[in-house]
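The values are calculated or read from the model by the stated rules, or taken from the named source; none is laboratory data. Since this is a predicted model, take the numbers as computed values, not measurements. Cβ coordinates were reconstructed from backbone atoms using ideal geometry, including for glycine residues, and neighbour counts include every protein chain displayed. Please note that ligands, DNA and RNA were not included when accessible areas were found on the heavy atoms of the full protein model with its side chains. Shrake-Rupley method; radii C 1.70, N 1.55, O 1.52, S 1.80 Å.
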Amino acid sequence: MIRIENEYSLFKALCHQTKLKVPECSSKVIQKLLDKGMKIYRVNDHYELSQTMSYLERSEILKHLDQDIIQRISDIIIEYQVNSTNESIHDYEQNQDYLVMLAESQYAGKGRRVKQWHSPLGCNIYLSIKFIHPKSDYIHFVPLLTAVAVCKGLNRLGIAVSMIKWPNDVYVNAKKIAGILVENRYNSASGNTCVVGIGLNVNMKDATAIDQDWTSLALEKNEFFDRNYVTGLLLSEIISQYEKIPDFNAKKFIKQWQEYDYLKGKNIEVIEDNTGYEAKALGLSQDGSLKILLNGYIKNIYSADVSVDTRV
Ligand code: BTN
C-alpha cells in the first residue's frame, strides 16, 4: 500500500474523485487540507470530496489557449501554494514573452490598497502575468485593458453582462467577481517589468472573510467551472489586448470601455489621499483617469478608492 504523505498529491488525488482508502492517506495531511477549507468526508473505509473540484494543469490550460497566444507565452508555472503569485513571479527570469504563474492557493494574497485577497484552496483563479514594460505612452492603461479583457472572457463563459468599476474591479449583478492588481518593478537583469495579478472567483460559494458584496461564476451560473478552461480563455483575451498596446488608440478604447462602465452617471464616494468626498462619475478620460463632477467643477482623478453611493 502506498500512503500519500504529500499535500499537493493528496489534493490532486481527491480532485480526481478517487475514493481514497483511509490507510492510504496520511491523517496529518488530511487535516491540513481540511484546515484549508477542503470539504473532505470520511465514508466507511474511504475519503471523498463533497463537491466537484479540479486541479490546475498546464497541458489542459494550453488546450484552451488561442494558438497565436501560445507562441507569446514563455512558460506557465503552476504552484500549489505561494504567499502571492504577484510576489513569487519575480523570482523567475524574464524574456521578451509573457510569463504566467498560477497558484492553487495564496496565504498572503494581495489586493489593492493593502487589502488581503481571499485565496482559498482549489476553487478560484489566482493568476499573475509578467512582461517587459513596453515603452508606450499608454502603459498606464494596462489595468483598464485587463479589466475589459476579463469582461470579454466572462462573456465567453456565458456571463452576458459584466461591468467595470474604475479602474479595474469587475462586477456582475452589482457584486465583485474579479480584482486586478498591477505592479511595475525595475530589475537590473530585465529592466522595467510589469506584473498583472488577477483574482477571479470561480467555484467559491461561501466566504465569511470577505467584507464586501461578492459573487463567483458558480454562483451566477449555478454550475461547476473547470479552472483550466477558464484560465485558457482569460489568458487568450488578456494577452491579445496587451499585444495591441503598440497601436493603442485611446479614443477607440474609451468607446469600448463605455460598454462596461459601472460608474458613469452614478453618485459616488471617493477616497483620495485619505480624504473622502461625494461626487458624480462622468466617465473615462483620454488619459485613463476618471472624470468626475465635484461641486459643479469637472475634475480628473488618477488614483483613488471609489464606491457607488447607495443612499440616492
Ligand atoms: C483587488 O483588490 O481588487 C485586487 C486583487 C488582486 C488579486 C490577485 S490574485 C493573483 C495576484 N496575486 C496577488 O497576491 N494578488 C493578485
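Search the structure for amide H atoms under 5 Å from the amide H of G109, placed 1.01 Å from N in the peptide plane, and list their residues when 5 or more places away or on another chain.
W117
Leaving out same-chain residues fewer than 8 places away, which aspartates and glutamates sit with a Cα under 16 Å from that of K280?
D261, E269, E272, D305, D309
Using only alpha carbon pairs under 8 Å that are at least six residues apart, calculate the relative contact order of the stretch 40-134 and give it in whole percent.
Relative contact order here is 25 percent.
Binning at 10 Å from 0, report for the stretch 122-171 what percent of all alpha-carbon pair distances ends up in each bin.
Pair shares across the bins are 21, 47, 28, 5.
Provide the per-residue ³J(HN,Hα) series for the stretch 271-287, in order, calculated from phi with Karplus coefficients 6.51, -1.76, 1.60 and θ = phi - 60°, each as a whole number of Hz, with x at glycine and proline positions.
Residue by residue, the stretch 271-287 yields 10, 10, 6, 6, 10, x, 8, 9, 7, 10, 7, 10, x, 8, 8, 4, 9 Hz.
Among Y242, I254, F224, which residue has its Cα positioned farthest towards the positive end of the charge dipole of the stretch 217-286, with +1 placed on the Cβ of Lys and Arg, -1 on the Cβ of Asp and Glu, and the dipole taken about the Cα centre?
The listed residue farthest towards the positive side: I254.
Straight-line reach from K221: which aspartates and glutamates fall under 18 Å, measuring Cα to Cα and dropping same-chain residues less than 8 apart?
Cross-link targets: D206, D213.
Could you list which residues have their amide H under 5 Å from that of I268, counting only those 5 or more apart in sequence or on another chain, with H placed in the peptide plane?
Correct list: A279, K280, A281, D309.
Principal axes first, then extents: for the Cα atoms of the stretch 1-99, list largest minus smallest coordinate on each axis, whole Å, largest first.
Here the Cα extents, ordered largest to smallest, are 53, 27, 25 Å.
Suppose only helical runs count, i.e. DSSP H with n ≥ 4. What mean residue ellipticity at 222 nm does that imply for the chain under -39500 (n - 2.57) per run, divided by all residues and rounded to the nearest 500 deg cm²/dmol?
Taken over the chain, the calculation gives -7000 deg cm²/dmol.
Ignoring ligands, DNA and RNA, what percent of the accessible area of the stretch 164-297 is carbon or sulfur (1.4 Å)? Don't skip to the end; give the middle numbers.
Values: 2690 of 6240 Å².
Here carbon and sulfur together make up 43 percent of the probe-accessible area.
Carbon-plus-sulfur fraction of the accessible area of the stretch 1-159, 1.4 Å probe, in percent? Intermediate values should be presented prior to the final figure.
Values: 3670 of 7780 Å².
Ligands and nucleic acids excluded, carbon and sulfur give 47 percent.
Return the long-range amide H neighbours of T215 (sequence gap of 5 or more, or a different chain), with a cut-off of under 5 Å between placed amide H atoms.
HN-HN under 5 Å from T215: K176, I177.
Rounded to the nearest whole Å², what accessible area per residue is found for the stretch 1-151 with the 1.4 Å probe?
Averaged over the residues of the stretch 1-151, the accessible area is 49 Å².
Please report the net charge: other residues with Cβ closer than 15 Å to the Cβ of L62, K and R +1, D and E -1.
Details: positive: R58, K63, R72, R227; negative: E57, E60, D66, D68, D75, D97, D226.
That works out to -3.
Starting from the Cα gyration tensor of the chain, multiply each eigenvalue by 5, take the square root, and state the resulting semi-axes largest first in whole Å. Intermediate values should be presented prior to the final figure.
Details: eigenvalues 266, 106, 58 Å².
Working through the eigenvalues yields semi-axes of 36, 23, 17 Å.
Enumerate the calculated ³J(HN,Hα) couplings along the stretch 263-268 in order (Karplus 6.51 cos²θ - 1.76 cosθ + 1.60, θ = phi - 60°), each rounded to whole Hz, writing x wherever the residue is Gly or Pro.
9, 3, x, 9, 6, 10
Would you mind checking K36/K266; K115/K251; K63/K255; K175/K299 for any pair whose Cα atoms are more than 30 angstrom apart? Intermediate values should be presented prior to the final figure.
Details: K36/K266 39 Å; K115/K251 33 Å; K63/K255 32 Å; K175/K299 27 Å.
Flagged as over cut-off: K36/K266; K115/K251; K63/K255.
Given Cα pairs under 8 Å that are at least 6 residues apart, what percent is the relative contact order of the chain?
On the way: 586 pairs, mean separation 42.9, N = 312.
It comes to 14 percent, rounded to a whole number.
Please give me the summed charge of the neighbours of I180: other residues whose Cβ is under 15 Å from its Cβ, Lys and Arg +1, Asp and Glu -1. List each step's numbers first, then the result.
On the way: positive: K110, R112, R113, K115, K130, K152, K165, K176; negative: D169, E183, E237, D305.
That works out to +4.
Residue-wise, which Karplus ³J(HN,Hα) couplings in Hz belong to the stretch 38-44, taking 6.51 cos²θ - 1.76 cosθ + 1.60, θ = phi - 60°, and x for glycine or proline?
Taking θ as phi minus 60°, the curve returns 6, 8, 9, 10, 9, 10, 6 Hz for the stretch 38-44.
Give me the 1.4 Å probe accessible area per residue for the stretch 230-312, excluding ligands and nucleic acids, in Å². Before the final figure, lay out the partial values.
Working: 4460 Å² over 83 residues.
Spelled out: the 1.4 Å probe surface of the stretch 230-312, per residue, equals 54 Å².
Report, in whole Å, the centroid distance computed from the Cα atoms of the stretch 146-212 and the stretch 18-95.
What the calculation gives is 20 Å, centre to centre.
Quick one: net charge around G122, please, counting Lys, Arg +1 and Asp, Glu -1 for every other residue with C-beta under 9 Å from its C-beta. Could you put the intermediate results ahead of the total?
Details: positive: K36, R227; negative: E104.
Local charge sum for G122: +1.
Considering the Cα positions of the stretch 56-187, please state its Rg to one decimal place and its Dmax as a whole number of Å.
14.9, 40
Which whole-number percent gives the relative contact order of the stretch 249-312, counting Cα pairs below 8 Å spaced six or more residues apart? Present the calculation step by step, with values, prior to reporting the outcome.
Working: 104 pairs, mean separation 19.5, N = 64.
That works out to 30 percent.
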